[in-house]
Amino acid sequence: MTVGDMGPGMRGRPDDAGSPNSGPGGGHGIGMMRLRATPSTVPAGVVSLRVVNAGALPHEVVVLPLPARQAAGERPTGADGRVDEAGSLGEASRSCGAGAGDGVAPGAMAWTTVTLQPGHYELVCNVPGHYRAGMYAELDVTQ
Ligand SMILES: [Cu+2]
C-alpha cells in the first residue's frame, strides 16, 4: 500500500512563494492526504503489509477492525486529532522496519505481518490530523 500527501514537498516547487499560505511560520496547513491499499481485498490468514511513504510527511498505517454498518472514514477523532486505536491488529510505523515505531519517514518503507479473519478492516494513519485529512482505506478479507 502507499501513503502520501500533497504537502509542499510533493509539488516540485521547493519555494512556493506565490502562495499566500506558504512561507516560514505561515503554516502550509495539511494538504490532501491519501492511503491506498493495493490490493484492497485479500484472503484470510497471515497478511504481510508493506507501506511505502510516497509523501513529504511522516505517516503510519494501523489496522483496525471496521464495525458493521460503519464505513471507512467515519471514526470520530479526539481533541488530539487521532482516532481510538482500540482493537488494533497491528501497525507499520517504523522506518525501514517492522511493527510499531515513531512514524514512517518520507521515502521510507515499513512493514508488519498480521493474521486477519474474514471481515472488514480499516487502515488508518493515526498521525494527528491525518485521518481527518483523508488517510484511511478499507481492507476486505475474504475466506
Ligand atoms: Cu499520515
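The residue that is surrounded by the most Cβ atoms within 10 Å (Cβ to Cβ), counting only those in the range 113-143 that are hydroxyl-bearing (Ser, Thr, Tyr) and more than 16 Å from the ligand (Cβ to nearest atom), is 121. Per this entry, residue 104 is counted among residues that are at pLDDT 95 or above and either basic (Lys, Arg) or farther than 11 Å from residue 63 by Cβ (or both).
Counting only residues that are modelled with pLDDT under 80, of a type in the set (A, V, I, L, M, F, W, C) and either more than 16 Å from the ligand (Cβ to nearest atom) or part of a loop (DSSP other than H, G, I, E, B) (or both), the range 1-43 holds 5 of them. Can you work out which of the residues in the range 51-80 that are within 17 Å of residue 35 (Cα to Cα) and of a type in the set (Gly, Ala, Ser) is surrounded by the fewest Cβ atoms within 10 Å (Cβ to Cβ)? Ranking the candidates gives 71 first.
The set of residues in the range 64-83 being more than 17 Å from the chain's Cα centre (by Cα) and aliphatic (A, V, I, L, M) consists of 68, 79.
Meeting the requirement of 3 or more residues that are farther than 16 Å from residue 3 by Cα, the strands (runs of 3 or more DSSP E) wholly within the range 44-143 are 45-53, 109-116, 119-124, 136-142.
The values are calculated or read from the model by the stated rules, or taken from the named source; none is laboratory data. Predicted, not measured: the structure shown is a model, and the values here were computed from it. Cβ coordinates were reconstructed from backbone atoms using ideal geometry, including for glycine residues, and neighbour counts include every protein chain displayed.
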